[in-house]
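Reviewing the structure listed below.
The values are calculated or read from the model by the stated rules, or taken from the named source; none is laboratory data. The structure displayed is predicted, hence computed values, not measured ones. Because the Cβ atoms are built from the backbone with ideal geometry, glycine has one as well, and the counts that use them run over all protein chains shown. The protein model used for the area step is the full one, side chains on, heavy atoms only, and it has no ligands, DNA or RNA in it. Shrake-Rupley method; radii C 1.70, N 1.55, O 1.52, S 1.80 Å.
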Amino acid sequence: MTPNELAQYLDSAKITGNVATPRQDNLKHMRWFCDGNEHLEFGVRLSRAWTFNEVFDLMHGKVGTSNDLELIEGQDTISAQKCVAALNRFASVLGDAVRAGKRILFATGHPAGLLPVHAALAVAAEKAGAVVVRVPEGNPFLEGDLRQLFGVLVWHQHGGLAHTHYPHPMKLSLELLQERGLDRPELVVADHGYAGFAASSGIETIGFADCNDPGLFVSEAEGQLSVAVPLDDNVCPGLYEPMTEYILERAGLS
């Protein structure tokens, strides 16, 4: 699939283009991030304070959300071209890490959407010679515990896989690896707080982020997160398959 073909597909699947996340939600999350909201800071350790206008402009430049300050509700957008450009960078980092045989940790706070994407990347990376980092399972967090499915770190709660923005699962996992005398990852492939905390901890990190996840784009702008891919992070999992195949092909892992 060519970049242009993928861009057209992403728009048709509403992974980009006119996405489901409403404009008012995007603006609210930008404000909450600037206010230090615990669900929006994603474990990102800022080097300075960011203003709403700075985050607003960053999201337009990195994601393709509207730059119309008078648009306060309704439809907002993610640029397919910006998504594909970020996917190319993402694939390059992943491919280089795999060929170098690095230790890679995969994690997702959006298991209902992105778990199959991370799982496919983990399987391909391991087959090609990378070391997929295994975190000892059962580490408690709130009313659940941390588990790995298909090589992907997730939060289990009440018999199901939970959506989370919290950075704590990544923090706890890195601490557990250290306590057990196990090597920490050299690359993290993740989203939400898993990605934000890992990047702020000095681990090379690449990840996916929605248009209402400003923290990861700020992390990238601050030089912490290596790549933040803008996309709707919670469409039906099967819709991501062409994108996953594109990443694997570009990374030399297909």
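Residue 56 passes all but one of (1) part of a helix (DSSP H, G or I); (2) open to solvent by less than 30 Å² (accessible area, probe 1.4 Å); (3) in contact (Cβ under 8 Å) with a residue 60 or more places away in the chain; which number fails?
(3)
So which of 220, 186, 204 ends up being under 15 Å from residue 63 (Cα atoms), at pLDDT 95 or above and touching a strand residue (DSSP E or B) at 6+ places or on another chain (Cβ under 9 Å)?
After applying the criteria, what remains is 220.
Which condition breaks for residue 115 when tested against (1) under 13 Å from the mean Cα position of the chain (by Cα); (2) crowded, with 23+ Cβ neighbours inside 10 Å?
Result: residue 115 passes all but (2).
Going residue by residue through the stretch 78-99, is there one that turns out to be over 21 Å from residue 109 (Cα atoms), in contact with a Cys (Cβ under 7 Å, 6 or more places away or on another chain), outside any helix (DSSP H, G or I) and open to solvent by less than 30 Å² (accessible area, probe 1.4 Å)?
No, the stretch 78-99 contains no residue that is over 21 Å from residue 109 (Cα atoms), in contact with a Cys (Cβ under 7 Å, 6 or more places away or on another chain), outside any helix (DSSP H, G or I) and open to solvent by less than 30 Å² (accessible area, probe 1.4 Å).
Among the residues of the stretch 201-231, count how many are touching a residue at least 12 places away in the same chain (Cβ under 8 Å) and open to solvent by 10 Å² or more (accessible area, probe 1.4 Å).
Within the stretch 201-231, residues that are touching a residue at least 12 places away in the same chain (Cβ under 8 Å) and open to solvent by 10 Å² or more (accessible area, probe 1.4 Å) number 8.
What's the number of the only condition in (1) out of contact with any Asp or Glu (no Cβ under 8 Å at 6 or more places or on another chain); (2) modelled with pLDDT of 95 or more; (3) aliphatic (A, V, I, L, M) that residue 78 fails to meet?
Going through (1) out of contact with any Asp or Glu (no Cβ under 8 Å at 6 or more places or on another chain); (2) modelled with pLDDT of 95 or more; (3) aliphatic (A, V, I, L, M) one by one, residue 78 breaks only (1).
Please work out which residue is farthest from residue 12 (Cα to Cα), limiting yourself to the stretch 232-254 and to residues that are hydrophobic (A, V, I, L, M, F, W, C) and open to solvent by less than 10 Å² (accessible area, probe 1.4 Å).
251
Say we look at the stretch 149-183 and pick out the residues that are farther than 18 Å from residue 113 by Cβ and of a type in the set (S, T, N, Q); which of these is surrounded by the fewest Cβ atoms within 10 Å (Cβ to Cβ)?
So, considering only residues that are farther than 18 Å from residue 113 by Cβ and of a type in the set (S, T, N, Q), the one surrounded by the fewest Cβ atoms within 10 Å (Cβ to Cβ) is 178.
Which number in (1) assigned to a loop (DSSP other than H, G, I, E, B); (2) over 21 Å from residue 147 (Cβ atoms); (3) over 14 Å from the mean Cα position of the chain (by Cα) marks the one condition that residue 249 misses?
Evaluating residue 249 over (1) assigned to a loop (DSSP other than H, G, I, E, B); (2) over 21 Å from residue 147 (Cβ atoms); (3) over 14 Å from the mean Cα position of the chain (by Cα) leaves (1) as the failure.
Only one of (1) assigned to a helix (DSSP H, G or I); (2) acidic (Asp, Glu); (3) free of Cβ contacts under 8 Å to residues at least 12 places away in the same chain; (4) over 20 Å from residue 246 (Cα atoms) is not met by residue 25, so which one is it?
It fails just one condition, (3).
Which of the residues that make up the stretch 1-52 are open to solvent by 50 Å² or more (accessible area, probe 1.4 Å), of a type in the set (S, T, N, Q) and closer than 24 Å to residue 166 by Cα?
Across the stretch 1-52, the qualifying residues are 24, 47, 51.
Which one of the conditions (1) at pLDDT 95 or above; (2) among the hydrophobic types (A, V, I, L, M, F, W, C); (3) in contact with a helix residue (DSSP H, G or I) (Cβ under 7 Å, 6 or more places away or on another chain) does residue 71 fail to meet, given that it meets all the rest?
(1)
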